[in-house]
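Structure record follows, encoded as structure tokens.
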Amino acid sequence: MYSVGRLVQLTLVKKIYEWSKSTSGLKFIPKWNWLAVFTMGNSSGHNNTMSIPPGKGPHQVGCTDLMVGHTVHGTFLRLYYPCQASENPQLPDWVPCREYFNGLADFMKMNRALSERIFNYLFGNCKTPAAWNASFKRDGKYPVIIFSHGLGAFRTLYSAICVELASQGFIVASVEHRDESSSATFYFREHTEPGTKKHPSCDIAKPVSDNLEEVWMYYRPLKSGENEFPLRNKQVKQRADECIRALDILFDINSGKSVENVLQCDFDLSTMENSMDLCRIAIMGHSFGGATVIECLCKDVKFKCGVALDTWMFPLDEEIFPGVKQPIFFINSEKFQWIGNIIRMKKLDSAIFPRKMITIKGTVHQSFPDFTFLTGNWIGRLMKLKGEIDPHIALDLSNKATLAFLQRHLNMDRDFNQWDPLIDGKDDNLIPGTNITIPQSSI
């Protein structure tokens, strides 16, 4: 079985951790100075400082967190939206609080205490390029995208993609999944025992009610000898249900129904009433989130099309494939895909329903999450967080191709069709279809 989807499994952090435990590593460099090695290796050759790129569209972007229902069965998402311009907007931390660092450590089978210091050093000052709780910008009706993250990720790790889409005039809901595939997530339970209540980990996690306390849920690894498919298939079905519930909440907000946010929040959801074009809805995701795209399209026809980034097809039951009748756009990296996975994508081919596939040259599986922008060139390439192509160019191609595809299949009156050639792989950095050679006997 191909080991897949692990968002930062082979990142620099794990290498530093393993190196720091070895006597050969510590022999030559004092313990207090080991991070200097990272600093040298993390010097970026790009003109920009290492940060998540802001949106390039005409709209400034705001974001807020929305939790509806405080239990594990509720819905949790990061909402990105066009916002009103403001001076010196507050930008939220990219990783919201330390428990997410702990979750990444567990996911990577690292010591929590050491890895928290490493992660905090590497990413503790990183900000999401969107104004926190900024006032919503009313400007007609915006189409909607639901985004599903990959295995071991969480709601904030694809902010470069989500911010760009929001800057181009979409409302984007990035769901944090509670199927035990996130590296970490949380919900609340009612507090009943006096004197034992836990304080919230960070400001953005504070509940409205004083009677609620946090409960953290971490990634669930495979058990020894466990068959992986039943677990992943169950998870992908739950993930699709969570995406559909998130969409239902947006329907309620748009219709003017009162939607209670469990989290303390200065953002007024009622300002979004009648602002969404709910005839134009897409589903999008990366890796395990790409599989979630397929599952969602089968389950709910309100999703008019899907964009699947470097999809991991393994969790899906092929019996659902004939039920997927909406257009699908597979955008793959050059280094991740393999014959069996591409063959499963090809089983969704249809003479009736549009199916498109392109491959971005010089990319790796981690060219889609934000990590690719936050490590230097040689370290990023060594740890497969970067490919041979500049990550800004790679994600720009992916975003422009996505926008062209969305305009075509959501029947939008925009200028994204200027990038129509990218849908067919017409660019020096693109491959039409796949770079994987499929044996004739397998077709």
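The values are calculated or read from the model by the stated rules, or taken from the named source; none is laboratory data. Owing to the predicted nature of the structure, the values given are computational and were not obtained by experimental measurement. Counting neighbours? That spans all protein chains shown, and the Cβs are built from the backbone with ideal geometry, glycine included. Quick note on the areas: whole protein, heavy atoms, side chains included, nothing else; ligands and nucleic acids left out. Shrake-Rupley method; radii C 1.70, N 1.55, O 1.52, S 1.80 Å.
The stretch between ASN411 and VAL259, if pulled fully straight at 0.36 nm per residue, gains 51.8 nm over its current Cα-Cα span. Checking the cross-link pairs LYS223/LYS346; LYS346/LYS426; LYS206/LYS299; LYS109/LYS237; LYS206/LYS257 against a 28 Å limit on the alpha carbon distance flags LYS223/LYS346; LYS206/LYS299 as lying beyond it. Within the chain, DSSP assigns beta bridges of which about 50% are antiparallel (rounded to the nearest 5). Please work out the FRET efficiency for the pair ALA85 and ARG112, using the Cβ-Cβ distance as r and a Förster radius of 56 Å; give the result to the nearest 0.05. The calculated FRET efficiency here is 0.85.
One decimal place: the segment ASP317-PHE251 gains 20.9 nm when fully extended, by the rule 0.36 nm per residue minus the C-alpha distance. Computed extension gain for GLU228 through GLU190, at 0.36 nm per residue and net of the alpha carbon distance, reaches 10.3 nm. Backbone phi angles across the stretch 213-220, fed through the Karplus curve with coefficients 6.51, -1.76 and 1.60 (θ = phi - 60°), yield HN-Hα couplings of 10, 5, 10, 9, 10, 10, 4, 9 Hz in residue order; Gly and Pro are listed as x. In percent, how large is the relative contact order of the stretch 4-432, given Cα pairs closer than 8 Å and 6 or more residues apart? That works out to 17 percent. Computed from backbone phi, the HN-Hα couplings of the stretch 66-72 come to 10, 10, 10, x, 7, 7, 4 Hz, rounded to whole numbers (Karplus: 6.51 cos²θ - 1.76 cosθ + 1.60, θ = phi - 60°; Gly and Pro given as x). Rolling a 1.4 Å probe across the protein heavy atoms gives the chain an accessible surface of 42 Å² per residue. The simple Förster model, with R0 at 60 Å and r as the Cβ-Cβ distance, assigns SER441 and ASP139 a FRET efficiency of 0.65. Only DSSP H runs of four or more residues enter the estimate; each adds -39500 (n - 2.57), and after division by the residues of the chain the mean residue ellipticity at 222 nm equals -9000 deg cm²/dmol.
Modelled this way, with points 7 Å down the Cα-to-C-beta line, the labels at ILE431 and VAL215 are 4.6 nm from one another. Between LEU382 and ILE339, the distance separating the two model label sites (each 7 Å from Cα on the Cα→Cβ line) works out to 3.4 nm. Ligands, DNA and RNA left out, the 1.4 Å accessible surface of the stretch 4-432 is 50% carbon and sulfur atoms. A Cβ-based charge dipole, computed about the Cα centre of the chain with Lys and Arg at +1 and Asp and Glu at -1, lands at about 1140 debye. The residues THR71, THR64, sorted by heavy-atom accessible surface at 1.4 Å with ligands and nucleic acids left out, run THR71, THR64 from largest to smallest.
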